[in-house]
Amino acid sequence: MKHGRASRTALGAAGRRAAHQTLEGGAIFSDPLALAILGDDAKDALDAARQHPEQRGLRLFIAMRSRFAEDSAKVAIGRGVRQILVLGAGLDTFAYRLEGTEGLRVFELDHPATQRDKRRRLAKAGISEPPHVVYVTHDLEHGSMTAALEAGGLDTKRRVFVLWLGVTPYLTEDAVFGTLGELARFPGSAEVVFDYANPPHTIEEAHTRDFHDQMAARVAAGGEPFRCYLDTPALHRRARDLGIVDIEDLDRAALVARYLPQTTLQPRQGPGGHVVRMATR
């Protein structure tokens with residue numbers, strides 16, 4: 001990210017979530033606040049989605065990762081978890097769509113400039129900041145996330161559910177595993193859903209590699225380059241070494257089979273984008 005500027009990739013992801021509400025009717029992932037939080041940028045997001053039909057696959061992946069993460073979070077809440085952490089919250093609206101649950105707190109951690117932009121958009125859209133939301137400013141590349149969260153009131157001795165979407169590709173590998181390591185050391189245990197990408201040279205489909213290369217060039221030109229790709233077996237090994245005992249990893253084929261079972265264009269299993277749920281004891 002450029003210093004002092006809100007994340008452009010966070011805006012792009014929000015635009016694709018909003019476009020899904022309009023172009024697919026929110027069939028995979030329903031977010032009635034997705035257009036509202038974009039404000040004046042909503043029209044541009046919809047126009048871009050209509051003008052670039054080749055990006056539909058990315059839009060659906062973003063919808064599926066949000067659906068999987070939020071469904072998992074709701075299961076955790078149903079089991080009694082009362083601390084939700086949204087890492088790199090961007091313009092995510094999950095916290096603002098949750099019904100009030102006794103004792104529930106949602107901690108949104110993000111870069112200060114992105115968080116300021118979000119709160120400005122919320123106010124402009126007339127979306128109230130519910131009392132269960134706590135804002136924590138922090139850069140995952142610098143210093144202890146745990147210290148910042150504890151200063152904001154998160155109790156690491158109680159179980160935490162973490163949504164961490166659209167972030168890992170933009171971090172260094174050290175920051176990704178450093179963050180997982182901090183979560184794994186929470187004495188009250190943690191469960192996290194995040195997405196990641198395999199190294200592009202491992203993807204068999206030429207058109208998928210070409211699409212990735214084009215997207216990589218765009219985000220790099222915007223000052224937020226891709227910096228981290230993860231090999232799936234190596235990720236799982238390192239996660240288990242950190243103390244993670246439960247791993248559910250969905251590649252593109254598994255996501256489509258779960259959320260778009262009727263589609264005629266089933267992607268191949270294997271390298272590409274993944275969404276994974278990991279949990280400590």
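The values are calculated or read from the model by the stated rules, or taken from the named source; none is laboratory data. On a predicted model such as this, the values are computed, not experimentally measured, just so you know. Here the Cβ is made from the backbone with ideal geometry for all residues, glycine too, and neighbour counts use every protein chain on show. For the accessible areas, the whole protein counts, side chains as well, though only heavy atoms, and no ligand, DNA or RNA atoms are used. Shrake-Rupley method; radii C 1.70, N 1.55, O 1.52, S 1.80 Å.
Extension gain, Arg268 to Thr202: 0.36 nm times the residue separation minus the Cα-Cα distance gives 22.5 nm. Restricting the range 160-247 to trypsin sites (Lys or Arg not before Pro) that sit in a DSSP loop and have at most 14 other Cβ atoms within 10 Å of their own Cβ leaves Arg185.
The listed residues Tyr229, Tyr135 rank as Tyr229, Tyr135 when sorted by accessible area, largest first, using a 1.4 Å probe. Once the Cα-Cα distance is subtracted from the 0.36 nm per residue extended length, the His52 to Glu99 segment shows a gain of 13.4 nm. Remark: the range 136-246 carries 45 Å² of accessible area per residue (probe radius 1.4 Å; ligands, DNA and RNA excluded). Classify the range 82-189 as rounded, prolate or oblate from the Cα gyration tensor: take a ≥ b ≥ c as the square roots of its eigenvalues, call it rounded if a/c is under 1.5, otherwise prolate when a/b beats b/c and oblate if not. It comes out oblate by the Cα gyration axes. Classified by the C-alpha gyration tensor, the chain has a rounded form. Its axis ratio a/c, with a ≥ b ≥ c, is below 1.5.
Here the spin labels are modelled as points 7 Å beyond Cα on the Cα-Cβ line, and at Thr232 and Arg120 they lie 4.1 nm apart. Loop-located trypsin sites (Lys or Arg not before Pro) in the range 79-129 (DSSP state other than H, G, I, E, B) with a sparse environment of at most 15 neighbouring Cβ atoms within 10 Å: Arg79. Subtracting the Cα-Cα distance of Ile127 and Ser30 from their residue separation scaled by 0.36 nm leaves 33.2 nm. The charge dipole of the range 1-87, taken about its Cα centre with unit charges on the Cβ of Lys, Arg, Asp and Glu (plus for the first two, minus for the last two), comes to roughly 320 debye.
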